[in-house]
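What follows is a set of notes on a single structure, which appears directly below.
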Amino acid sequence: MNKVNLKVGQKLIVELDDEVILGELIHVASDNTFIKLANARDISANNLLGNQAYYSSEIRNIQIVDDAKDEPESSTEHTTVAPTPSPPVKHLSLECLNDALQRVDNCVYIQQPDAKYHAAISVLKKERTLAISMEGVEEGRHAKSVSLLSIASNSAIYIFDIKWLNITKDLRELISSDRYLRVLHNGRFIQDILLHRYNLALGRCFDTMLAHIATTKCKATKDPETAKEAPGIISIQTCIAYYLKLPENFFNDNVNYDLRPTSTEAKREAAKKIAFLISLQDHFIHEIMLERFYRGCAQYCTSLACNVDFIDSLAEANSDGHRAVNAVKPFELDAGMHCLWPTSKGN
């Protein structure tokens, strides 16, 4: 179990052997042998469990979602220490986690161009950023069966059964039009199958696996000796769980998406894969890639406010502000792109 400081009032994710529980900590045993949670919920099956007690022998891992404001002396610690990750990770707030889980539970499954289909298209066409995932594309154009196309916004998730529905004109626009920015993971498989099976080019997109590779400075290549994927190539489940601090067993990898009728578990797992993609994109862009840029913006914005004397502030305000720009140190974006502030006019 990882080392966490437990305080009454914290919102926790507790990983058991077969369950992942979300709840509020209401009691910690003095000898650390068990904990009690209020409003416990199995976040994999979304079952409300009420108040529950869990013993240390059955707990695999504990993660803090929202911290408590109690005094430090009320805390206790577990005995083992988890390794500190290199790339920055983000703890989802309880509100964000609940919102994503609600969208998963309310995902809309569509297998024909009926009223549900037209309502979904109407909603999605109003968006500008869409999360996209496809099931059964792991071999690209050589895939035996493409099963589901999942498209999500910040408010809803729609699962289109393209075994029955195929890819309609409306879906083709959502996939290819530069009006939208698509967020996906390991998009080369999706692009390959769209191009060679559906004669459809994927429009501009943000690939979270490429963002992971740029962040960790890994290369998306295969070892010529073993033909195995390099460490930088990770699954969508692993990427989401790592960067957003979700439990290891949050996803179920043993789901058959090709069976018909499509099972409730298959729909739920397909929805879970894209429920967090836009949040993951936001984390990569604003908390990793642009972190130094935002730091520079903050430094520039305080260039007037830091002047105690109003005369100095007035003199700076009446200047062209070039001195304040030069005070910002050159930086590199963490995605490997170089960005320097200009050092003289005209540059």
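Which condition number in (1) modelled with pLDDT under 70; (2) acidic (Asp, Glu); (3) within 28 Å of Ala152 (Cα to Cα) is the one that Asp282 fails?
Every condition holds for Asp282 apart from (1).
Please go through segment 181-219 and pick out each residue that is under 17 Å from Leu124 (Cα atoms) and touching a Cys at 6+ places or on another chain (Cβ under 9 Å). Steps first, please.
Going residue by residue through segment 181-219, those that are under 17 Å from Leu124 (Cα atoms) are 181-184, 202-205.
Of everything in segment 181-219, those that are under 17 Å from Leu124 (Cα atoms) and touching a Cys at 6+ places or on another chain (Cβ under 9 Å) turn out to be Leu181, Arg182, Val183, Leu184.
Give me the residue from segment 104-113 that is open to solvent by 10 Å² or more (accessible area, probe 1.4 Å) and either of a type in the set (Asp, Glu) or touching a helix residue (DSSP H, G or I) at 6+ places or on another chain (Cβ under 7 Å) (or both) and, out of that set, farthest from Gly187 (Cα to Cα).
So in segment 104-113, the residues open to solvent by 10 Å² or more (accessible area, probe 1.4 Å) come out as 105-109, 111-113.
In the following step, the residues that additionally are either of a type in the set (Asp, Glu) or touching a helix residue (DSSP H, G or I) at 6+ places or on another chain (Cβ under 7 Å) (or both) were identified as 105, 107-109.
Working: Asp105: 26, Cys107: 22, Val108: 23, Tyr109: 23 Å.
Among residues in segment 104-113 that are open to solvent by 10 Å² or more (accessible area, probe 1.4 Å) and either of a type in the set (Asp, Glu) or touching a helix residue (DSSP H, G or I) at 6+ places or on another chain (Cβ under 7 Å) (or both), the one farthest from Gly187 (Cα to Cα) is Asp105.
Can you tell me which residue among Ala241, Ala315 is over 26 Å from Ser150 (Cα atoms) and either modelled with pLDDT of 70 or more or part of a strand (DSSP E or B) (or both)? Explain how you work it out, then say what you get.
Working: Ala241 fails: over 26 Å from Ser150 (Cα atoms).
Residue meeting the stated conditions: Ala315.
Listed residues Lys126, Lys116; which is surrounded by fewer than 19 Cβ atoms within 10 Å (Cβ to Cβ), basic (Lys, Arg) and under 29 Å from Met289 (Cβ atoms)?
On the way: Lys116 fails: under 29 Å from Met289 (Cβ atoms).
Every option except Lys126 fails the conditions.
Examine segment 120-141 for a residue that is touching a Pro at 6+ places or on another chain (Cβ under 7 Å) and within 24 Å of Arg260 (Cα to Cα), and state whether such a residue exists. Steps first, please.
Initially, segment 120-141 is screened for residues touching a Pro at 6+ places or on another chain (Cβ under 7 Å), giving none.
The answer is no; no qualifying residue exists.
Go through segment 198-214 and give me each residue that's surrounded by 15 or more Cβ atoms within 10 Å (Cβ to Cβ) and over 20 Å from Thr129 (Cβ atoms).
At the first step, the residues of segment 198-214 found to be surrounded by 15 or more Cβ atoms within 10 Å (Cβ to Cβ) are 198, 200, 202-203, 205-214.
The answer is Tyr198, Ile213.
List pairs: first in segment 276-300 and in contact (Cβ under 8 Å) with a residue 40 or more places away in the chain, second of a type in the set (Asp, Glu), Cβ under 8 Å, 6+ apart or cross-chain?
Qualifying pairs under 8 Å: Ile288/Asp334; Met289/Asp334; Glu291/Asp334; Arg292/Glu332; Arg292/Asp334.
What's the total number of residues in segment 170-197 that are more than 15 Å from Ile151 (Cβ to Cβ) and open to solvent by 40 Å² or more (accessible area, probe 1.4 Å)? Full working, then the answer.
Step one: list which residues in segment 170-197 are more than 15 Å from Ile151 (Cβ to Cβ), which gives 178, 186, 188-189, 191-193, 195-197.
Those left that are additionally open to solvent by 40 Å² or more (accessible area, probe 1.4 Å): 178, 188-189, 191, 195-197.
Qualifying residue count for the region: 7.
The values are calculated or read from the model by the stated rules, or taken from the named source; none is laboratory data. Nothing here was measured: the structure is a model prediction, and the numbers come from that model. Every residue, glycine among them, receives a Cβ derived from its backbone with ideal geometry; neighbour counts consider all protein chains shown. Calculation scope for accessible area: heavy atoms of the full protein, side chains included, ligands and nucleic acids excluded. Shrake-Rupley method; radii C 1.70, N 1.55, O 1.52, S 1.80 Å.
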